[in-house]
Amino acid sequence: MNRNALITGVTGQDGAYLAKLLLDKGYKVHGLVARRSSDTSWRLRELGIAGDIEFIEGDLADACSIQRALIKSKPDEVYNLGAQSFVGTSWDQPVTTGIVDGLGVTHMLEAIRQFSPDSRFYQASTSEMFGLIQAERQDENTPFYPRSPYGVAKLYGHWITVNYRESFGLHASSGILFNHESPLRGIEFVTRKVTDAVARIKLGKQKELRLGNIDAKRDWGFAGDYVEAMWLMLQQDKADDYVVATGVTTTVRDMCKLAFEHVGLDYEDHVVVDPQFFRPAEVDILLGNPGKAQRQLGWKAKTSLVELIQMMVDADLRRVGKE
């Protein structure tokens, strides 16, 4: 396609899958990398694309570095996936979460407005903005009620994207993505915590798995499917916001059952509910309605939860087996 893309958060789960998708389509991919963290490019190496990305040092908390990244990459498309993305950490680091996940979006949009106004922009919004749900199924018109500093910061990022689209005519879209997982998911997230523990228990390296609210319900999909929706949003003539979800909700308990059953174990023999893992304000259920994405983007989740969990367990069995 001979296009340039700039991805913030390129070393994360979504950034890695998106980078591979764009490279496969012929894009030149630039990845913004913050130097305040340890090397996380294992995901890019896992997908075999680490050598195909042009890395640019920069940080969403530093407006000047964002400007330089835009000038250097000359992007046709900008995907803002960089964030402090773990809900639990946002209570321990609420200010950092606000700066990166909220004001960082403003830094990016303002830089685009001044230095690259023809670039199309994607903002990674989140179902955590719905929080204390106001409708049984959440879509683009459901009122928001975030229940964590992460959800609040992301809500700012979402609305500032809408504001710049309406105020300055930028092609700026938000994907309100529900939970999406993969073998590249961070170990701190519950699905990967479960699949890693299943592998360790099966291989005799661990005996129990301690979790918090296992009756919480989530709408889980495969990250590899969801990055295609991101790309499709920026191919539309008009920018807009879209819920990206499977339309199916499952409890953490049932997700555990699927994972343990895949290796012939009973989750009840190994899962321990530990109050220390409960959050100050719980989000009990999330269930997305992806109808708009299906109608306007032609997008639909391809991977079932059973397929996803089995994929993740198998990957962790291979990883743990090599240790």
Query - Ranked packing of 200-209, 283-292, most packed first, by mean Cβ within 10 Å - result: 283-292, 200-209
Report summary line: A correct Karplus calculation of ³J(HN,Hα) over segment 98-104, with 6.51 cos²θ - 1.76 cosθ + 1.60, θ = phi - 60°, whole Hz and x for Gly and Pro, returns x, 5, 6, 7, x, 5, x
Query raised in the report: In whole Å, what is the distance between the alpha-carbon centres of segment 149-211 and segment 257-272?
Result: 23
Report task. For segment 73-153, divide the Cα radius of gyration by the Kirkwood radius and give the resulting Rg/Rh value with two decimals. Result -> 1.04
Requested in this report: May I ask for the distance between the Cα centers of segment 1-24 and segment 73-110, given as a whole number of Å?
Outcome: 17
**Report entry** Estimated [θ] at 222 nm from DSSP helical runs (n ≥ 4, -39500 (n - 2.57)) normalised by residues in the chain, nearest 500
**Finding:** -11500 deg cm²/dmol
Requested in this report: Enumerate the calculated ³J(HN,Hα) couplings along segment 288-300 in order (Karplus 6.51 cos²θ - 1.76 cosθ + 1.60, θ = phi - 60°), each rounded to whole Hz, writing x wherever the residue is Gly or Pro.
Outcome: x, 10, x, x, 5, 5, 5, 6, 8, 9, x, 9, 8
Report summary line: Residues meeting the amide H criterion for G221 (H placed from the backbone, H to H distance under 5 Å, 5 or more places apart or on another chain) are H180, E181
Requested in this report: With θ set to phi - 60°, apply the Karplus curve 6.51 cos²θ - 1.76 cosθ + 1.60 along segment 273-284 and write out the HN-Hα couplings as whole Hz, x wherever there is a Gly or Pro.
Outcome: 7, 10, x, 5, 9, 6, 8, x, 9, 8, 9, 7
Query raised in the report: Long-range amide H contacts for L177: which residues qualify at under 5 Å (H placed 1.01 Å from N, peptide plane, sequence gap of 5 or more or a different chain)?
Result: S125, T126, S127, V244
Query raised in the report: To the nearest 20 debye, what is the magnitude of the charge dipole of segment 143-202 about its Cα centre, counting +1 on the Cβ of each Lys and Arg and -1 on the Cβ of each Asp and Glu?
Result: 260
Report task. Can you quote the Å³ per residue value for the convex hull of the Cα atoms in segment 235-275, rounded to an integer? Result -> 134
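At a 10 Å Cβ-Cβ cut-off, how would you order D101, D240, fewest neighbours first?
D240, D101
In debye, nearest 20: dipole of the chain around its Cα centre with unit charges on the Cβ of K, R (+) and D, E (-)?
Charge dipole of the chain: 540 debye, to the nearest 20.
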Query raised in the report: Between their Cα atoms, which of K238/K300; K28/K74; K193/K300 are more than 22 Å away from each other?
Result: K193/K300
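Values in this text are rule-based calculations from the coordinates and carry no lab data. Everything quoted here is computed from the prediction, not taken from an experiment. As a convention, Cβ positions derive from the backbone with ideal geometry for all residues, glycine included, and neighbour counts pool all protein chains shown.
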